[in-house]
Amino acid sequence: MILGLALVISILFGCGAFLLLKRDLIRMAGGVILISNAANLFIVAAGLSRGREPIYPLPPGERISDPVVQALVLTAIVIGFGTVAVLLGLIYRTYTARIARAVDQGEETEGTPVSMPPEDRVAD
Amino acid sequence: MSMSTILTKVISRLIFLPTFVTAVAILVKGYFGAGDGFSAGVIAGTGVVIQFLAFGPRELFARYPSLRRAPLLAWSGLLLGLATAFAPVLWGDPIMTHYPRPGEEVPHLGLLAFHTAVLFDAAVFLLVFGMIVSVLGAIGNRYGSEGVDS
Amino acid sequence: MLLLLPLAITWFGAVALAPFDGRRRAVGAVAVGVMVAAFIALVRLGIEVWTSGPVEMVAGDWPAGIGIRLRADALGIAFALISLGVLLAALAYEVLGGVHERSLPSLVLFMSTGLTGVFLTADIFNFYVFFEIAMISSFVLATYGAQVGHLRAALTFMVVNLLGSVVFLAGVASLYHVTGTLDMMGVADRVDGAPAGSVLLIAVLIFVAFGLKLGLFPFHSWVPLVYRDTWPAVAAMLSAALANIGSYGLLRFGAGLMPRELSLTAGGLIVIGSLSIIYGAVQAISPRTASEVIAWSSIGQVGYILVALGVGGPVGLAAAVLYSIINSLNKLVLFLAVGLRGWLVGAAFALAAFSVAGVPPSAGFFGKVAIFRAGADADSTALLALVFVGGALSLIYLFRIYQRDYWARNHATPPSPLGARVLVLALACGIVFIGLWPEPLLALSASAAAALTGGGS
C-alpha cells in the first residue's frame, strides 16, 4: 500500500514539475495543482494506521484508521483550493494587463499568449 | 468549440436546483453521518459553474440577479465563521469551543442537529460558494454572451 | 483571552475592512488604528509573558495533547512584535503616501493575522495554516501597483513560495508520522525515539522550505527578481516581515524541536550561511538598481542568521534572534527610503546603511557584536573574519547607492510627501535609539533563546 502511494505521489510530482516549467501560464497552474495534490497524497500516506472507520462504538480487537490525517488532508485541500484560485486570478490579471498594454502601444491583441510577460524594467 | 448546444442547455437548467439540494444535504449530514461545509460549498458552486458554461455570464446573471451579491455572501460567511470561533472567548471558554459540549444532549429537528459545528460548517459553505461565484463574476465579463468559446 | 486579543483584533479588523474602498483616507486611517490596537495588545501580552512565563490556551477546550495548543513564549512574542511593527510602519507609510488599490489595508491586516498566528501557535499543522494565510495575503500584496512588471514578479514569487509550502507540508506530515503527535512539545519529547535517518531527512526538508522563504544561498534566485520589481512598501513588508517566518521557523523547528539534527548539521549550516554572506555581498557590489542591491544585501544578511543558528547554544541562538530583529528594522528603513525623494530621506538611508554595516552607535553594531561573540564562543577565527569582511562589503555597496541617489541630488524629481519622510526618519532614529540603549532588546533575545533551550519548545 505504501509502495503504491509512493509511486503515485512521485508520478504526480514529476508530471507537476514538468508542467511547472512550461511557458504557458495555464499549464504552469496545472503543474502547481498536481504538485499540491501530490503533497496531499503524501499526508494521506503519513497516516499512522489503516483499518475500520474511527467512529464510536469501536469494534473490539480491530485496527482503526487514523482520523487526524483525514482532517489534515481536508485542510490541505482547502488551502490548495484557495491558493490555486489566487494563482489563476493572478494569471488572468497578467493576461489582461498585457492586452491593455498592447492596446496602448497600438499592437495587435488577437492571439496574445497567456505566458509570462517579458522582462522589462519597471519605472520606479 | 461552443458548449451551448440545446442538450447542455436543457440538462443544465434541469440540474440546477437538485445541485443545491444535494449540497445542503451534504452540509447537514455528509456521506455517513458527519456533515462537511467545504464539499457542500464546492458542489453548490459547481452547479453555478455549469450554468455559466452553458449559458454565458450575461444570461446567467440576468436570470439569477441575486448571484451578483456573491461577494457579500462570502464576506458574511467569513464573519459568521469567525464569530462562531471567537464567541466562546467572550465568556471565558477557549477558542472554538462547541456547544452543546461532548456528552450532552443535542436538540434535533428531524435529521438537522442544532449544534454550533453546523453553524460553522454553514459559514464555510457560504464562504466557499460565495468565493466561486465571485470569481465567476469577476472573470466572466471577458467572454462573450454565447457561452465560453475556446 | 489575552492570548487571543491581537489575533482577534487583526482578524476581525481585516474582515470588517474588506468591503470598503481602501483608497479613501478614512479606511486607511482605521486600518492603521486597528494595527496600533493589535500592537498594543501584543505588548500587553508580552509583558504578561515576561513577568509570569508562557501563556497557553488549548482550542476547543480539549486536553493538551489532543487539541490545538496556542502558546505565547518569549521567542514568539519577540518575532510577533517586530513583524507587526514592520507591517504597521509600512502600512502607515503607504497610507500617508496615498493608497493605490482598494484592498491594501485589508490585505495587510490579513497578513498580520497570519503572522501573529504563526508566532503564537504550538501546533505544527496550525503553524502551516497560519503560514499559508500570511503567504496568500503576500501573493496578492505583491501585485500592488499592477504594472506588468509587478505582476511578473508576483507570479515568480508565488510559484517559488508554493513549492516551499509543499515541501514544508511534506515535512510536517512526516514529522507527524514519526512522532504520532502534532503538538510541538509532544514532538520535542518524542523525536528522540524516532529513527534517526528519518528525522534527519525531515530536518533537511524543513530547512529547504524555510531557506527558500528566507532567500538563503542555494535558494536565492527569486529574491532579486521579486524585490526589484515590487512596490517599495510591499518590498519592505515582504523582506522584513515575511522573512521572519523563515528565521522563526528555523529557530523553532531546528533548535526547538530537532536540536540533535541541528548540532549534526551545524557545520553545513555555517558553510551555507557564510556562502550566503559572501555571495550576497559580492553580487550587491555590481552595478544595479537600488532595490536590487538591497535584495542581494538581504541574501547576505540572512546568512548571518544561519551562521548564528549553526553555532548554536544560548549565545548563538540569542545572536540569531537579535540579528533577525535588527535585520527586519534595517530592511524596512532601506526599502521605504528607496521609494522616497527629499531632504530627510538621505539621512534615514545613511543611518540604516550604517546599521547594516554594523557601525556604532546603530542597532546593527550590537547585532554584529552578538554574532562576533557567537563566533568567539565557537573558537572560529574564520567566522570573526567573515563578520568584518561582510560589514566592510555592505558599507561599500550601500554607500554606492547613497552616492548615486542622494549625494548627487537630482533637483528635477519633486520631494515626496512630508508625512512619509518624517515616518522613515523616525524609524531610522529608532535604529539609533536601540543602538544607544540595547539592553531591553538583548534581554529579550536572551530569554527567547532560553525559551528554546530551556523549556523544550
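Which condition number in (1) within 11 Å of another protein chain (Cβ to nearest Cβ); (2) buried (at least 24 other Cβ atoms within 10 Å of the Cβ); (3) in contact with a Gly (Cβ under 9 Å, 6 or more places away or on another chain); (4) over 19 Å from residue C:211 (Cα atoms) is the one that residue C:112 fails?
The single condition residue C:112 does not satisfy is (1).
What number of residues in region C:180-197 are small (Gly, Ala, Ser) and at the interface with chain A (Cβ under 8 Å from one of its Cβ atoms)?
Counting residues in region C:180-197 that are small (Gly, Ala, Ser) and at the interface with chain A (Cβ under 8 Å from one of its Cβ atoms) gives 1.
Listed residues C:81, C:91, C:96; which is assigned to a helix (DSSP H, G or I) and crowded, with 24+ Cβ neighbours inside 10 Å?
C:91
Condition (residue is within 14 Å of chain A (Cβ to nearest Cβ), surrounded by fewer than 24 Cβ atoms within 10 Å (Cβ to Cβ) and in contact with an Asp or Glu (Cβ under 7 Å, 6 or more places away or on another chain)) applied to region C:167-179: is it met by at least one residue?
Checked region C:167-179: no residue is within 14 Å of chain A (Cβ to nearest Cβ), surrounded by fewer than 24 Cβ atoms within 10 Å (Cβ to Cβ) and in contact with an Asp or Glu (Cβ under 7 Å, 6 or more places away or on another chain).
If I filter region C:115-152 down to residues being of a type in the set (S, T, N, Q) and outside any strand (DSSP E or B), which single residue comes out as farthest from residue C:189 (Cα to Cα)? Steps first, answer last, please.
Keep residues of region C:115-152 that are of a type in the set (S, T, N, Q), which gives C:116, C:121, C:126, C:137-138, C:143, C:147.
From what is left, the residues that are outside any strand (DSSP E or B) are C:116, C:126, C:137-138, C:143, C:147.
Values: C:116: 25, C:126: 19, C:137: 34, C:138: 34, C:143: 42, C:147: 50 Å.
Per the criteria, the residue is C:147.
Any idea which of C:389, C:338 is under 22 Å from residue C:283 (Cα atoms) and surrounded by fewer than 20 Cβ atoms within 10 Å (Cβ to Cβ)?
C:389
Six or more apart or on different chains, Cβ atoms under 7 Å: show the pairs whose first residue is in region A:47-59 and away from chain C (no Cβ under 14 Å) and whose second is in a strand (DSSP E or B).
Note: pairs meeting the criteria are A:51/A:64; A:52/A:64; A:58/A:64; A:59/A:52.
Any idea which residue in region B:67-92 is surrounded by the most Cβ atoms within 10 Å (Cβ to Cβ), counting only those that are facing chain C (nearest Cβ under 9 Å) and not hydrophobic (A, V, I, L, M, F, W, C)?
B:88
Given the residues B:95, B:132, which is the only one that is part of a loop (DSSP other than H, G, I, E, B), within 11 Å of another protein chain (Cβ to nearest Cβ) and not hydroxyl-bearing (Ser, Thr, Tyr)?
B:95
For every residue, the table says whether it meets (1) modelled with pLDDT of 90 or more; (2) in a helix (DSSP H, G or I); (3) of a type in the set (Val, Ile, Thr).
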{"site": "B:66", "(1), (2), (3)": "no, yes, no"}
{"site": "B:73", "(1), (2), (3)": "yes, yes, no"}
{"site": "B:78", "(1), (2), (3)": "yes, yes, no"}
{"site": "B:87", "(1), (2), (3)": "yes, yes, no"}
{"site": "B:125", "(1), (2), (3)": "yes, yes, no"}
{"site": "B:128", "(1), (2), (3)": "yes, yes, yes"}
{"site": "B:149", "(1), (2), (3)": "no, no, no"}
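Quick check on my filter: what residues within region A:10-19 are crowded, with 19+ Cβ neighbours inside 10 Å and within 20 Å of residue A:79 (Cα to Cα)? Steps first, answer last, please.
Looking only at region A:10-19, we keep the residues that are crowded, with 19+ Cβ neighbours inside 10 Å, and these are A:12-13, A:16, A:19.
Once the filter is applied, which keeps residues that are crowded, with 19+ Cβ neighbours inside 10 Å and within 20 Å of residue A:79 (Cα to Cα), region A:10-19 yields A:12, A:13, A:16.
So, of the residues in region A:43-90 that are hydroxyl-bearing (Ser, Thr, Tyr) and surrounded by fewer than 18 Cβ atoms within 10 Å (Cβ to Cβ), which turns out to be modelled with the lowest pLDDT? If you could, list the steps in order and put the result at the bottom.
Filtering region A:43-90 down to residues hydroxyl-bearing (Ser, Thr, Tyr) leaves A:49, A:56, A:65, A:75, A:83.
The next check asks that each one be surrounded by fewer than 18 Cβ atoms within 10 Å (Cβ to Cβ); those that pass are A:49, A:56, A:65.
Working: A:49: 83, A:56: 78, A:65: 86.
Top of the filtered list is A:56.
Among the candidates C:325, C:396, single out the residue that is β-branched (Val, Ile, Thr) and farther than 23 Å from residue C:246 by Cβ.
The conditions single out C:396.
What single numbered condition from (1) over 30 Å from residue C:293 (Cα atoms); (2) surrounded by fewer than 24 Cβ atoms within 10 Å (Cβ to Cβ) fails to hold for residue C:133?
If we test residue C:133 against (1) over 30 Å from residue C:293 (Cα atoms); (2) surrounded by fewer than 24 Cβ atoms within 10 Å (Cβ to Cβ), just (1) comes out false.
Can you find even one residue in region C:62-78 that is of a type in the set (Phe, Trp, Tyr) and under 17 Å from residue C:4 (Cβ atoms)? Working first, answer last.
Just the residues of region C:62-78 that are of a type in the set (Phe, Trp, Tyr), to begin with: C:62.
Next, from what is left, pick out any that are under 17 Å from residue C:4 (Cβ atoms): C:62.
Yes, some residue in region C:62-78 is of a type in the set (Phe, Trp, Tyr) and under 17 Å from residue C:4 (Cβ atoms).
Inspect region C:47-55 for any residue being within 14 Å of chain B (Cβ to nearest Cβ) and not in a helix (DSSP H, G or I) and give the result as yes or no.
yes
Output yes when any residue across region C:280-300 is in a helix (DSSP H, G or I), touching a Pro at 6+ places or on another chain (Cβ under 7 Å), surrounded by fewer than 21 Cβ atoms within 10 Å (Cβ to Cβ) and of a type outside the set (Gly, Ala, Ser), and no when none is.
Yes: one or more hits.
The values are calculated or read from the model by the stated rules, or taken from the named source; none is laboratory data. Treat the numbers as computed from the prediction; the structure is a model and nothing was measured. Please note: Cβ atoms are built from the backbone with ideal geometry, for glycine as well, and neighbour counts cover all protein chains shown.
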